[in-house]
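Just below is one structure, and these are the notes that go with it.
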Amino acid sequence: MEGAIEPPTLKPRIPIIGHLIGILWHQAAYLERLGNDLTAPIATLPMVNRNIYLITSPALALEAFRSPNLAFEPFSIEPGSRIFRFSKDPIDNSTRTEQRCPNAPSAREELNFALHDGLARENFRKLILSSLNRFSFVINGMGQVTELESLYGWIRKTMALATSRALFGAEDPLNKDHDLLNSLGDFNDGLSGLIIGFCPSIFAPRAYRARAALQAAFSNYYLNHHEDERDVSHLIKERAKIYRERGIDPLEIAKQELSLLQLFTGDPINIAFWLFIYIATDPVARDMIRIEIMAAIRPETGRAGWEDVILNIATLEERCPQLVSAYKEAERLVVSQVSIRRVVEDTVISDGECNYMLKEDADVQIPAGLCHLSKEVWGKHADAFNFRRFYTPVTTGDAARRMTQPDPAEEAAQQALFRSRMQAFFPFGGGKHLCPGRQYASVQILALIVPLIVGFDIKSRNGGFIERPEMVRGRLGEAVSRPSTEGMRMGAILIRREQWQGAVWKYVSDRFAER
């Protein structure tokens, strides 16, 4: 395009390899630091093999997500082969055992369809309720005082076991052998070492061993055809059928489906931890959200206070807008993923003020943290938790707001501000590559947080106030920041509140809209 310019070059301190060293050593934090020092919305980072375009502007990020010439596919196989030790894409190289129609979809396309179909409509409702029934079993079994050696570890265990059981049924390897839960934790904690791929048995030994243990267990699951059991989710059944039709062996199926388990149990656990911590350490947010939740649930009163407490998860987001706002705010603060694309042909993108030429075969990297923490977009307190930041009477239909008949100009300004902020908010990526498990994650997280916030008080193990731990920005292979090592070990005491000593939680769902 005439008038398009190449993004300005940001030279590394160490020629040629400086940026590579910075990314490997500091990972997402390095790109965020570079972006914060830039005055331009995009810059070229010279690298050894191919240049990287670093995008810091929400407007350019949206352009990049929408462009058909910026492809994610080159990154969907090679990093996966390093993390999960895939064979050289046996899925696309396989063929059905029966004669295929020339125009039939590829195996990869069929697996992707099975994933989306398994998370749609009635299949979604069954899967999420199966998971939440495990939550209710855990929460209803808690005593008046529950001391947790590690709050993070408890959330990880609760969510991982519930999700894995809902997916794989009664023969789920994690629920059959809880040592594998530790393996899953070691695997998720060591993704950065595996994704680099340089001698992982030496430089990421715990993750390397954990991967082998998990793949062996799930290989045995498929070797014994446990996916055929009645209580296995539609999602797992349909994907297994595709693998079987193409003669994929059980170990390779296990490698492929470990990536699915990691999708469901990796980042959502970190988001749930941070959301609970943010609300629990903010008395105003905690009290306001408790009031909101009480209007959304249907408790039945007994001698000891609330007894049967029914939570309709299909209407939770609609009836608890401040809780949903807090959830989005937690995502804004903790999601640190770097969206990546490959330029497949020379392409021009624009932020409305300048046109930038992106050269073929270069890579594009878009750190979410730069847009999510921008003071220009979110204000001077962009790095602080504000549970009502995503709550606006205009968008939630607040009755009190409607009664006051606000000034139209003020309302228009609020709507414009809200739209500009939402354009800078992409916790699940962007374009056609949005995370397919985003609705499952949000419903599961909110459904776990509700009884913890309204039914319990939380204290540190010494009886004082719980403190917010230090945050470690995301590493390679991670989309969400995790707590520091000390934060992951932080214990807590959960104390049932008055009126909630005999509460028995029940999750129901009458509908789910398509998203």
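Summary of computed values
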| item | result |
| --- | --- |
| Residue in the stretch 99-109 that is buried (at least 18 other Cβ atoms within 10 Å of the Cβ) and modelled with pLDDT under 90 present | yes |
| Answer from Leu358, Leu323 - the residue that is at pLDDT 95 or above, more than 30 Å from Gln439 (Cβ to Cβ), buried (at least 20 other Cβ atoms within 10 Å of the Cβ) and of a type outside the set (Ser, Thr, Tyr) | Leu358 |
| Per-region count, the stretch 216-233, residues in a helix (DSSP H, G or I), out of contact with any Pro (no Cβ under 8 Å at 6 or more places or on another chain) and either among the aliphatic types (A, V, I, L, M) or surrounded by fewer than 18 Cβ atoms within 10 Å (Cβ to Cβ) (or both) | 2 |
| Residue within the stretch 251-272 that is of a type outside the set (Gly, Ala, Ser), more than 21 Å from Cys435 (Cβ to Cβ), open to solvent by 10 Å² or more (accessible area, probe 1.4 Å) and not in a helix (DSSP H, G or I) present | no |
| Odd one out for Gly143 among (1) in contact with a helix residue (DSSP H, G or I) (Cβ under 7 Å, 6 or more places away or on another chain); (2) more than 30 Å from Asp228 (Cβ to Cβ) | (1) |
| Count of the stretch 417-435 residues which are in a loop (DSSP other than H, G, I, E, B) and either in contact with a Pro (Cβ under 9 Å, 6 or more places away or on another chain) or open to solvent by 40 Å² or more (accessible area, probe 1.4 Å) (or both) | 6 |
| Any hit, the stretch 257-275, residues being farther than 30 Å from Ala314 by Cβ and not polar (S, T, N, Q) | yes |
| Residue satisfying all of: in the stretch 122-144; in contact (Cβ under 8 Å) with a residue 40 or more places away in the chain and in contact with a His (Cβ under 9 Å, 6 or more places away or on another chain); farthest from Gln444 (Cα to Cα) among these | Asn123 |
| Filtered residues of the stretch 40-68 (kept if under 10 Å from Ile349 (Cβ atoms) and part of a strand (DSSP E or B)) | Ile42, Tyr53, Ile55 |
| Filter pass, Val480 being modelled with pLDDT of 90 or more, closer than 20 Å to Ile55 by Cα and not aromatic (Phe, Trp, Tyr) | yes |
| Pair list, Cβ < 7 Å and 6+ apart or interchain, from the stretch 316-338 residues that are under 20 Å from Asp282 (Cα atoms) to residues that are acidic (Asp, Glu) and surrounded by fewer than 21 Cβ atoms within 10 Å (Cβ to Cβ) | Cys320/Glu292; Gln322/Glu292; Leu323/Glu292; Val324/Glu317 |
| Filter pass, Glu498 being farther than 23 Å from Ala326 by Cβ and open to solvent by 30 Å² or more (accessible area, probe 1.4 Å) | yes |
| Among the residues listed as Ile248, Ile253, Ile202, Ile236, the single one being of a type in the set (A, V, I, L, M, F, W, C), over 26 Å from the mean Cα position of the chain (by Cα) and over 23 Å from Leu476 (Cα atoms) | Ile248 |
| Cross-chain or 6+ apart pairs with Cβ under 8 Å, the stretch 97-111 first and under 14 Å from Arg239 (Cβ atoms), then at pLDDT 80 or above and surrounded by fewer than 11 Cβ atoms within 10 Å (Cβ to Cβ) | none |
| Sole exception among (1) modelled with pLDDT under 95; (2) in a helix (DSSP H, G or I) for Arg290, by number | (1) |
| Any strands (runs of 3 or more DSSP E) falling wholly within the stretch 335-384 and containing at least 2 residues that are over 16 Å from Phe72 (Cβ atoms) | 347-350, 355-358 |
| Residue that is surrounded by the fewest Cβ atoms within 10 Å (Cβ to Cβ), among those in the stretch 178-211 that are small (Gly, Ala, Ser) and under 26 Å from Trp154 (Cβ atoms) | Ser192 |
| Exclusive hit being in contact with a Lys or Arg (Cβ under 9 Å, 6 or more places away or on another chain), buried (at least 19 other Cβ atoms within 10 Å of the Cβ) and either part of a loop (DSSP other than H, G, I, E, B) or in contact (Cβ under 8 Å) with a residue 24 or more places away in the chain (or both), set Ala166, Ala170 | Ala166 |
| In the stretch 173-190, residue nearest to Gln439 (Cα to Cα) [restricted to those that are out of contact with any Leu (no Cβ under 7 Å at 6 or more places or on another chain) and in a helix (DSSP H, G or I)] | Asn188 |
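The values are calculated or read from the model by the stated rules, or taken from the named source; none is laboratory data. Everything quoted here is computed from the prediction, not taken from an experiment. Every residue, glycine among them, receives a Cβ derived from its backbone with ideal geometry; neighbour counts consider all protein chains shown. To get the accessible areas, we keep the full protein, side chains included, count just its heavy atoms, and leave off ligands, DNA and RNA. Shrake-Rupley method; radii C 1.70, N 1.55, O 1.52, S 1.80 Å.
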